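The values are calculated or read from the model by the stated rules, or taken from the named source; none is laboratory data. Bear in mind that the values here come from a model prediction, so they are computed numbers and not experimental data. When we count neighbours, we look across all protein chains shown, and the Cβ atoms used for this are built from the backbone with ideal geometry, even at glycine. Note: accessible area is taken over every heavy atom of the protein model, side chains too, but ligands, DNA and RNA are not part of it. Shrake-Rupley method; radii C 1.70, N 1.55, O 1.52, S 1.80 Å.
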Amino acid sequence: MRIAVCPGSFDPVTYGHLDIIHRGAKIFDKVIVAVLINSKKESLFTVEERVELLRQATADLPNVEVDSFNGLLIDYMRKRQAKVLIRGLRAVSDFEYEMQVASINKKLDDDVETFFMMTSNQYSYLSSSIVKEVARFKASVSDLVPPVVEQALRTKF
Ligand code: ADP
């Protein structure tokens with residue numbers, strides 16, 4: 001079975017993430033969406049809230065599982081017996097950082113492959129930060145996030 005892990009902060013999940021998750025789910029037998037527990041990074045939603053929103057947003061995808069992890073991604077992948085790591089690329093600006101991370105992960109575990117997927121054009125400027133910025137000022141985010149997330153943002157602000 002080909003298992004891929006799609007890691008990130010997902011604070012909160014957007015249509016950009018969902019695009020990558022949907023496309024990944026067509027290619028791999030199983031996609032584990034893994035929310036990184038990072039106490040250093042300030043977040044709007046708790047890990048539990050982010051996991052719950054992801055679960056609701058991917059409920060239509062039977063081969064997608066949502067989980068959270070602590071520590072090194074490579075260790076988590078070993079535990080889950082996943083050999084593929086999915087990352088989305090938006091602009092050229094994502095490239096340098098992603099190259100660095102992919103290269104260190106390769107060094108840590110040579111069996112792990114990073115699989116990059118280019119964003120669909122309509123989402124190339126979409127990020128969780130932009131969504132939060134827009135929602136904070138009570139503007140509509142209905143084109144950017146699924147309805148459950150829109151509702152959760154309305155509750156937060
Ligand atoms: P991180 O903090 O690890 O970048 P994110 O939650 O911001 O976590 O993103 C998780 C993954 O989703 C990353 O691979 C990121 O490049 C990808 N991603 C985020 N937004 C988009 C988008 N609009 N289109 C394609 N991929 C995206």
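Listed values, structure above:
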read-out: Residues located in segment 99-123, provided they are outside any helix (DSSP H, G or I), in contact (Cβ under 8 Å) with a residue 60 or more places away in the chain and over 21 Å from Leu73 (Cα atoms); value: Thr119, Ser120
read-out: Hits in segment 13-68 (condition: small (Gly, Ala, Ser) and within 17 Å of Val84 (Cβ to Cβ)); value: Gly24, Ala25, Ala34
read-out: Members of segment 76-98 found to be open to solvent by 80 Å² or more (accessible area, probe 1.4 Å), in a helix (DSSP H, G or I) and closer than 21 Å to Lys30 by Cα, listed by number; value: Arg78, Lys79
read-out: Segment 33-73, subset farther than 24 Å from Val112 by Cα and of a type in the set (S, T, N, Q), residue most open to solvent (accessible area, probe 1.4 Å); value: Ser39
read-out: Pairs with Cβ under 8 Å, 6+ apart, first in segment 136-149 and free of Cβ contacts under 8 Å to residues at least 40 places away in the same chain, second in a loop (DSSP other than H, G, I, E, B) and of a type outside the set (Val, Ile, Thr); value: Arg136/Phe157; Lys138/Phe157
read-out: Those residues of segment 114-149 which are open to solvent by 100 Å² or more (accessible area, probe 1.4 Å) and of a type in the set (D, E, K, R), in sequence order; value: Arg136, Lys138, Asp143
read-out: Segment 89-129 - residue that is touching a Leu at 6+ places or on another chain (Cβ under 7 Å) and among the hydroxyl-bearing types (Ser, Thr, Tyr) and, of those, farthest from the ligand (Cβ to nearest atom); value: Thr114
read-out: Ser39 being in contact with an Asp or Glu (Cβ under 8 Å, 6 or more places away or on another chain) and modelled with pLDDT under 95; value: no
read-out: Of residues in segment 5-15 being in contact with a strand residue (DSSP E or B) (Cβ under 7 Å, 6 or more places away or on another chain) and crowded, with 23+ Cβ neighbours inside 10 Å, the one nearest to Val134 (Cα to Cα); value: Phe10
